[in-house]
Amino acid sequence: MHDPHALPEPMMIDPDAASAVPDVERDAAGEKLSDVRALGRGAPVLAFDVGGTDIKSALFDAEGTALGLRRTPTPVVEGDRTHVLLERLEVLAAELRDAHPEVVPQAVGLVVPGIVDADAGLGVFASNLGWHDSPLRDLASARLGLPVAFDHDVRAASWAERRFGGARDYADAVVLVIGTGIAGALLVGGVPYTAGGYAGEIGHSPIADGPICPCGARGCLEAVASAGAIARRYREATGIAPDGAKDVIARAAAGDGVAAEIWNSALDALTMSLAQLTAVVAPQAVVIGGGLSRAGGALFDELRARLAARLSFHRIPVLVPAELSGNAGLLGAALRARELT
């Protein structure tokens, strides 16, 4: 068991400051925060899943129950957000500890988006959070006074899906999260394949010559087939702001020709990407989560049919929905934290 006294003590936080952090009632897709499944017995840990717009946080007790689950805004500042993020994590951690003094966390799990070198503890690059080679693991450990397990958000989510969710029966799998953007992770032989943090950038794999992606590359899958891109493309084509990608899909089903064309091109792009992954990686399964996964048969049935029509001798993966909702990253962070104890 790790000795917490070997690390710096956490700084004192004004309780009034902690209570000033607002809650995010719904995410960008309009979804409310859902309950987190229990991890089972183990060391108590703090877990943080940091996104570009919000942070999920919780304290997991010795039974693996998530206490004080919240979703709060990611602090915004021009340029590198490392400093303000660490300040926010410190406030959230102090609030969780104060609310549950009987639970003494032994470690922290912290997962973030972008390019992440988990072994070195570096946030290599995150366009929406502004950092370059930021030593987030060590900085967070010094702030919080506990050892920190640091990882990529979707890679951590894939580990949780492997342990508890849609990937539990598949040692070789791709976990694909299709929301505002598209993020992915590869499981090979039952463990995440990282390549120094650069593996799994499925959303930024090219599937066409255009459009220009915000990352600077041309024709990224994310720029065509993410939920955010589907809504944006419809708005640009019609001047009508849809209520997200689900509205565009509904309009397509109702006979809207523009919506149908955009949805069809998104499905073609996703099929192309999955076909490439099938030919090169040969996953047993592709586990799909994120807001677009809630399209149900409109997504899964179409992708299954199109993938089968496109390929020949290949081992076609089963396509299954993610089971841990938007909490997979938080669960993955907690699992990683427990590995340190």
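The values are calculated or read from the model by the stated rules, or taken from the named source; none is laboratory data. Because the structure is predicted, anything quoted here is derived from the model rather than measured. Heads up, the Cβs are rebuilt from the backbone with ideal geometry, glycines too, and the neighbour counts pull from every protein chain shown. In case anyone asks, the SASA skips ligands and DNA or RNA and just uses the protein heavy atoms, side chains included. Shrake-Rupley method; radii C 1.70, N 1.55, O 1.52, S 1.80 Å.
For segment 197-210, a residue qualifies if it is open to solvent by 60 Å² or more (accessible area, probe 1.4 Å) and more than 17 Å from ASP117 (Cα to Cα), and the qualifying residues are HIS204, PRO206, ASP209.
Of the numbered criteria (1) of a type outside the set (Phe, Trp, Tyr); (2) over 19 Å from SER158 (Cα atoms); (3) touching a Gly at 6+ places or on another chain (Cβ under 6 Å); (4) at pLDDT 95 or above, the one ALA29 fails is (4). Restricting the first member to segment 38-54 and to residues that are in a loop (DSSP other than H, G, I, E, B), and the second to residues that are at pLDDT below 95 and surrounded by 24 or more Cβ atoms within 10 Å (Cβ to Cβ), no beta-carbon pair is closer than 6 Å while six or more apart or on different chains. Suppose the filter is in contact with an Asp or Glu (Cβ under 9 Å, 6 or more places away or on another chain) and within 30 Å of LEU299 (Cβ to Cβ); does GLY130 pass it? Criteria not met by GLY130.
On the basis of being closer than 26 Å to ALA167 by Cα and either without any contact (Cβ under 8 Å) to a residue 12 or more places away in the chain or surrounded by 19 or more Cβ atoms within 10 Å (Cβ to Cβ) (or both), does SER141 make the cut? Judged against the criteria, SER141 is not a match. A Cβ distance below 8 Å, combined with a sequence gap of six or more or placement on separate chains, defines the contacts here; from segment 237-262, residues that are under 14 Å from SER226 (Cα atoms) reach residues that are of a type in the set (D, E, K, R) and surrounded by 15 or more Cβ atoms within 10 Å (Cβ to Cβ) in the pairs LYS246/ARG294; ILE262/ARG233.
For segment 147-198, residues that are in a helix (DSSP H, G or I), in contact with a strand residue (DSSP E or B) (Cβ under 9 Å, 6 or more places away or on another chain) and not small (Gly, Ala, Ser) total 6. Across segment 200-218, the qualifying residues are those that are assigned to a loop (DSSP other than H, G, I, E, B) and more than 22 Å from ALA185 (Cβ to Cβ), and the one among them that is farthest from the chain's Cα centre (by Cα) is ASP209.
Considering segment 212-225, the residues that are open to solvent by less than 60 Å² (accessible area, probe 1.4 Å) and in contact with a strand residue (DSSP E or B) (Cβ under 9 Å, 6 or more places away or on another chain) include one that is nearest to LEU299 (Cα to Cα), namely ALA225. Scanning segment 261-292 for residues that are part of a helix (DSSP H, G or I) and closer than 17 Å to ALA305 by Cα yields a total of 17. Would you confirm, using the coordinates I've provided, whether LEU136 is among the aliphatic types (A, V, I, L, M), more than 25 Å from THR278 (Cβ to Cβ) and more than 20 Å from the chain's Cα centre (by Cα)? It is false that LEU136 is among the aliphatic types (A, V, I, L, M), more than 25 Å from THR278 (Cβ to Cβ) and more than 20 Å from the chain's Cα centre (by Cα).
Counting the residues of segment 128-146 that are out of contact with any Gly (no Cβ under 6 Å at 6 or more places or on another chain) and part of a strand (DSSP E or B) gives 2. Restricting attention to segment 77-127, the residues that are part of a helix (DSSP H, G or I), acidic (Asp, Glu) and surrounded by fewer than 20 Cβ atoms within 10 Å (Cβ to Cβ) add up to 2. Of the candidates ASP301, ASP268, ASP243, the single residue that is modelled with pLDDT under 95 and open to solvent by 60 Å² or more (accessible area, probe 1.4 Å) is ASP243.
Scanning segment 305-338 for residues that are assigned to a helix (DSSP H, G or I), surrounded by fewer than 23 Cβ atoms within 10 Å (Cβ to Cβ), under 21 Å from the mean Cα position of the chain (by Cα) and not polar (S, T, N, Q) yields a single hit, ARG338. Evaluation of TYR170 against the conditions (1) open to solvent by less than 30 Å² (accessible area, probe 1.4 Å); (2) more than 27 Å from ALA260 (Cα to Cα); (3) in contact (Cβ under 8 Å) with a residue 40 or more places away in the chain shows that the sole unmet condition is (1). For segment 41-73, a residue qualifies if it is within 19 Å of the chain's Cα centre (by Cα), farther than 14 Å from ALA149 by Cα and of a type in the set (Gly, Ala, Ser), and the qualifying residues are GLY51, GLY52, SER57, ALA58, ALA66.
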